[in-house]
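The structure under discussion appears below in the form of structure tokens.
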Amino acid sequence: MTMLRINNAVTANVFLDMALERGLALDSIELLAGATVEYIDSVREVSGMDKVNLREKLSSFSEQWSPKVIAEMNDYQFKLVKIEGEFVWHEHDDTDEAFIVIEGSMRIEFEDGSVELDEGEMYVVPKGVRHKPCADTECKVMLVEPKGVVNTGDADSELTAPNDEWI
Ligand code: NI
């Protein structure tokens, strides 16, 4: 583990340069007398994000069929969504779409069949394939897809949800 000791003789700029160079994580830094909290805040920005708890995030909203963004990785977003009943038939012309079931079970219908997903299972719908997600009782799902993907794809529907809504 790389340990960096910070004291008041180190300026914020020098410290940040060192942190950037070494890709330091927050727990690898030891503060000595005189170092300030602002330094820690700066490091958090450099080293990454706060951890995300899926259950906490899921308990923070009740709306169905409206994906909420919880994290981004490169151009991709991780979204949580609660679904119940039948969605609309649609397709995404530019991207695949990953469904990961966190709690409950769901079904994705296709024009030539369907796939049942239980808790802990996932499926990637290929781009351009028409699909309709369904759930008999509420199911909690994580979606992974590029930023900007509209939930209803090419379909013109009242179920179209606002995009890029973070929780
Ligand atoms: Ni879709």
Exercise. Looking only at the range 126-136, decide whether some residue is of a type in the set (K, R), in contact (Cβ under 8 Å) with a residue 40 or more places away in the chain and surrounded by 14 or more Cβ atoms within 10 Å (Cβ to Cβ).
Key: yes
Quiz item: Got at least one residue in the range 111-131 being within 21 Å of the chain's Cα centre (by Cα), among the acidic types (D, E), assigned to a strand (DSSP E or B) and more than 10 Å from the ligand (Cβ to nearest atom)?
Solution: no
Quiz item: Among the residues of the range 88-110, how many are closer than 14 Å to P133 by Cβ and within 11 Å of the ligand (Cβ to nearest atom)?
Solution: 9
Quiz item: What's the number of the condition F61 fails, among (1) surrounded by 14 or more Cβ atoms within 10 Å (Cβ to Cβ); (2) assigned to a loop (DSSP other than H, G, I, E, B); (3) modelled with pLDDT of 95 or more; (4) within 15 Å of the ligand (Cβ to nearest atom)?
Solution: (4)
Quiz prompt | Flag if D50 is within 16 Å of the ligand (Cβ to nearest atom), surrounded by fewer than 17 Cβ atoms within 10 Å (Cβ to Cβ) and in a loop (DSSP other than H, G, I, E, B) | solution = no
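Given the residues D136, D118, D112, which is the only one that is within 23 Å of D93 (Cβ to Cβ), out of contact with any Phe, Trp or Tyr (no Cβ under 7 Å at 6 or more places or on another chain) and acidic (D, E)?
Just a single option satisfies the conditions, and that option is D112.
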Self-check item: R55 being modelled with pLDDT of 95 or more and assigned to a helix (DSSP H, G or I)
Solution: yes
Quiz item: Just a yes or no: is a residue in the range 144-166 within 16 Å of the ligand (Cβ to nearest atom), outside any loop (DSSP other than H, G, I, E, B) and of a type in the set (A, V, I, L, M)?
Solution: yes
Self-check item: Residue that is nearest to the ligand (Cβ to nearest atom) [pool: residues in the range 67-87 that are modelled with pLDDT under 95 and in a loop (DSSP other than H, G, I, E, B)]
Solution: D75
Quiz item: If I108 passes every condition in (1) in a strand (DSSP E or B); (2) touching a Gly at 6+ places or on another chain (Cβ under 7 Å) but one, which one does it miss?
Solution: (2)
Quiz item: If the Cβ limit is 6 Å and pairs must be 6+ apart or interchain, which residue in the range 144-167 that is basic (K, R) pairs with which residue that is more than 13 Å from the ligand (Cβ to nearest atom)?
Solution: K147/D75; K147/Q77
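The values are calculated or read from the model by the stated rules, or taken from the named source; none is laboratory data. Keep in mind that what you see is a predicted model, and the values were worked out from it rather than measured. We place every Cβ from the backbone using ideal geometry, glycine too, and count neighbours over all the protein chains shown.
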